[in-house]
Each structure stands twice: as C-alpha cells, then as structure tokens.
2 protein chains.
Amino acid sequence: MVIPEPTIARLCSMYRFCEDAGVDAGRQVSSAALGRELGATESSIRKDISFLGETGRSGAGYGLGLLKKKIAAALGLSRRRRTCVVGLGSLGTALLEYERLGPAGFDMVAGFDASINRLETLRTSVKLYPAYEVSDVVRRERIEVGIIAVPAAAAREAADSLAAGGVQAIVNFAPVVVRPPRPGVVVRNVDMLNELRVVAAQSFLSDSAHTPLA
Amino acid sequence: MVIPEPTIARLCSMYRFCEDAGVDAGRQVSSAALGRELGATESSIRKDISFLGETGRSGAGYGLGLLKKKIAAALGLSRRRRTCVVGLGSLGTALLEYERLGPAGFDMVAGFDASINRLETLRTSVKLYPAYEVSDVVRRERIEVGIIAVPAAAAREAADSLAAGGVQAIVNFAPVVVRPPRPGVVVRNVDMLNELRVVAAQSFLSDSAHTPLA
C-alpha cells in the first residue's frame, strides 16, 4: 500500500497520542479533537485514518485502543528493531541512551565512533565499536535501523556503510542532506538547527504581519 | 506576509544549501536541482521561491548568493537571537553546546534545570539557573528563543514560563505536543522517537509493497 509521507508522519503522531492516553484506551476521540491535538485539519485527519481501513463509526469518534492497534498493524510499529548510532558526540550519545527507544521497540545494540579515545572513555551499557566496523557489525548483529550523528563530511560514508551491512531505515541528524545510498533504503533527514530557524522565521513573520512597512 | 509553514521549512533548508555552497555563491542552480537536493518537487520549489519576489531569471537558474540573501531577508534569518535551553538532561545538554547555533545567529545565553545537583555538576561556559527562575532570567536577559528538553510532564509549564518571560519562539523536544501558551507565541514540536518510527514505517511499507499478501 502506498501511504504518503506526511500521512505516515501524522499517523505516527496519532499513535503516540493513543499511547499517552494509556489506561484510558477505551476513550473515543473525534477527528476534530485529533486535529487540534496534532495541529492538523479535521479533513486531513479523516483522510489519514481512511488508510487504516475500518476503525469504527467516525460519527461517534474513534476508539483510541482500536486506533492504536490499527496504526501499529498498518505501519509495522509493533515489531522490535535492532538499532545503532554512528557518531558518538553529545547528540549521538544522547540518542544512544535515549530511554524512550526501548519501550517503543527500538533495541539499541551498538554505537560507533571514529575516535578510539571516545570509545574508551564513554561509559554506557551499549556495545561500542570503531567506525570502520559498521558494515560488519550491522550484518552480524542483524541491525535494521541506523541513526547517523557524525559531522556533515562523514555522513554520506556512514550511510553507505549502514546500507552495505543491510540497514534499510536511516535517520540522519548530520547537518547535510543524505540521499538513500541505494533503492530500498529509506533515509529521513532531521536538522535540529533548521527547527530553530523555522520557529524563528515563523515568529519573525507573525511580528512583521502586525508591523506595517514604513 | 503569510507564508505557509511547509514553505518556511523548505526555504530554511534551501538557505542551508546556499550556506553549504560557501565560496561557490556565484553558482547558478535550477529548481529541479534544488528539488532533488531537498527531496521536493520542482513545482513546489518554484512556488516556495515565488514568495521571495525577484530572484533572477528562473530559466538560467537561481544564483545561490542572491537566493540566500533573499531568504534571509524574507524570513529574518540574519538577526541574532538570544536563546536558552530548559531541561539539561543528555539531549538538553547536547543542544546547550551545539556548535552550529552560534554561527547561525542563535546565541546560547542560559540553561535551566530543576535539579540543583545537575546545575552544580554540569561543566559548561553557558550560565545556568534553577528552573523556577525561567521567566525572570528570560525577561532580564531579553531571550527570544526557548528550547524545551524537559520530561513530558514538565513541558507545558516550561512553555508557560518561557512565554511569561517574553519568549516568542519555542522548539519543544519533550515527547508531548505543546500548544502555544498564548497568541503571538510560536511552538514547534519535534519528537526524535517519531522520526525513527516514521522511517521504520516507511521501510516496512516499502518491504510489504514487494511482498504480496498471502
């Protein structure tokens, strides 16, 4: 099934919303309420949910428990996935130990860094390896998801090594756009600085909307 | 001027692409090439650039130097902005010391944490304060941009305190959707776990596209 990327992203946010509801999984929620929660229009929420097949009468709202189950099934979110981080600077280390990954099915099994000194001084329960072993370790440990947190100049090579070992899903936090090393590999580029710029720009534009040009 | 959020995000990515071109700022680039670079369609790139006014003949492509200047002017990206981080766990600390912020105009001037012990043991050149001082310090230090990296349960309060002090642009990394505490404040919610889920889902869907249902 072909599901557009913005829909996948919103369904993942909806999934988290269902998780957060916790014990209250029997609760019904309307598409309008989901839209407000996720910052999306009611009609786009309805359209997103239509990809899930039968989810209950939309007049009465969606049951959060059923919605969560349907999203997990459609997007394959209930599977566990062996995961690694390449690049153990401060951001990479934060991700290596990010406590929300495990409960969400991402088992952090390896960290890589080009600096042997870094590998020796970092205290973590995750197994660490030198960067030149990425492909071998990924293959041997059957790692499916790779997180890239290296400097920009090393990102392309990190992606190539991950893909060569068999990783099919990559999130790249290096400040450069990495394209899929080969067909069948999905790469998502996330730039933390860009997030700051976007919000600064939005704030600038909303200010200047109230300030007539001289 | 009202510029849609996806356009703002793409223009910020384009701005980074122009920056990365560095010394080669005289280079011309076509909307097709920009689209490939940013993972967007050529027509959406053209539409984004149309918000910038006159940027040169699009037949010959856009000059990267001029494009960068136009984006900066339209989105207010050349200004410096005093910035702070609330929540100094591993992610917050990584952001506090993120070396790309300064060159991009975000001057990191304060960090906040609820744990006095954390404030005393963290070694950084940024000034640190207890969390209950957020509003006062933001006001006194004229901080414009706030980064939230606290646990989910504390995110709403952090946003309220930042807004009470006068912050108008907030990036929230806590795993909960924070809505603008009041009109005029812009909040961008970024969920690292969601990025992993989206890429895992995309990979799952592209696998199952090749595997006929039994």
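The values are calculated or read from the model by the stated rules, or taken from the named source; none is laboratory data. Model, not experiment: these values are computed from the prediction. Here the Cβ is made from the backbone with ideal geometry for all residues, glycine too, and neighbour counts use every protein chain on show. For the accessible areas, the whole protein counts, side chains as well, though only heavy atoms, and no ligand, DNA or RNA atoms are used. Shrake-Rupley method; radii C 1.70, N 1.55, O 1.52, S 1.80 Å.
What to note about this one:
- Hz values of 3J(HN,Hα) by residue in region A:78-95 - Karplus curve (6.51, -1.76, 1.60), Gly and Pro given as x: 8, 5, 8, 9, 6, 10, 9, 10, 10, x, 10, x, 5, 5, x, 5, 4, 6
- Amide H to amide H, with H built 1.01 Å from N, B:Asp107 comes under 5 Å of B:Arg81, B:Arg82, B:Thr83, counting only residues 5 or more places away or on other chains.
- Summed residue charge, Cβ within 12 Å of B:Val137's Cβ, Lys/Arg positive, Asp/Glu negative: +2
- Between copies, the label points of B:Ser208, set 7 Å from Cα on the Cα→Cβ line, lie 4.5 nm apart, reported in increasing order to one decimal in nanometres.
- Taking the longest Cα principal axis of chain B as reference, the axis of helix B:192-209 is set at about 40 degrees.
- Charged-residue dipole, Cβ positions (Lys, Arg, Asp, Glu), region B:1-97 about Cα centre, Debye nearest 20: 300 debye
- Inter-chain neighbour count for B:97-107: the average number of beta-carbon atoms from partner chains within 10 Å of each residue's beta-carbon is 3.
- Minimum 50 Å² accessible area buried by the other protein chains, region B:169-196 residues, probe 1.4 Å, relative to alone: B:Pro175, B:Val177, B:Arg179, B:Val186, B:Arg188, B:Met192, B:Leu193, B:Asn194, B:Glu195, B:Leu196
- Computed over protein heavy atoms with a 1.4 Å probe, the accessible surface of region B:69-214 works out to 45 Å² per residue.
- Over the Cα atoms of region B:154-207, the radius of gyration divided by the Kirkwood radius equals 1.18; this is the Rg/Rh ratio.
- For region A:22-101, the fraction of alpha-carbon pairs lying more than 19 Å apart is 52 percent, rounded to a whole number.
- Beta bridges from DSSP with both residues in chain A: antiparallel share about 10 percent, rounded to the nearest 5.
- Using a 7 Å Cα-to-Cβ projection, B:Glu141 label spacings across copies, nm, ascending: 3.7
- Axis-nearest residue in chain A [Cβ, rotation onto B], distance in whole Å: A:Ala94, 2
- Summing both sides, the accessible surface hidden between A and B at a 1.4 Å probe radius is close to 5800 Å².
- Cross-link pairs exceeding 21 Å in C-alpha to C-alpha distance, out of B:Lys47/B:Lys69; A:Lys47/B:Lys47; A:Lys69/A:Lys127, comprise A:Lys47/B:Lys47; A:Lys69/A:Lys127.
- Fraction of accessible area attributable to carbon and sulfur, region B:73-201 (%, probe 1.4 Å): 50 percent
- Alpha-carbon centroid distance for the pair region A:38-99 / region A:161-195, whole angstrom: 20 Å
- Dividing the convex hull volume of the alpha-carbon atoms in the protein assembly as shown by its residue count gives 164 Å³ per residue.
- In this Cβ point-charge picture (+1 for Lys and Arg, -1 for Asp and Glu), chain B has a dipole of about 620 debye about its Cα centre.
- Charge dipole (debye, nearest 20) of region A:88-149; +1 at Cβ of Lys and Arg, -1 at Cβ of Asp and Glu: 20 debye
- Note, ³J(HN,Hα) from phi for region B:109-125, Karplus 6.51, -1.76, 1.60, rounded to Hz, x at Gly and Pro: 10, 7, x, 10, 8, 6, 9, 4, 4, 4, 5, 7, 9, 6, 9, 7, 8
- For chain A, relative contact order (Cα pairs under 8 Å, six or more residues apart, normalised by length) works out to 13 percent.
- Beta bridges per DSSP with both ends in the protein assembly as shown, % antiparallel, nearest 5: 10 percent
- Within a straight-line Cα-Cα reach of under 17 Å, B:Lys68 can be paired with the following aspartates and glutamates, leaving aside sequence neighbours fewer than 8 residues apart in one chain: B:Glu19, B:Asp20, B:Asp24, B:Glu37, B:Asp48, B:Glu54.
- Once the Cα gyration tensor of chain B is diagonalised, semi-axes √(5λ) in Å: 34, 25, 16
- Whole-Å distance, taken between Cα centres, linking region A:107-159 and region B:1-24: 31 Å
- Across the identical copies, how the A:Ala33 labels are spaced - nm, sorted shortest first, 7 Å along Cα→Cβ: 5.2
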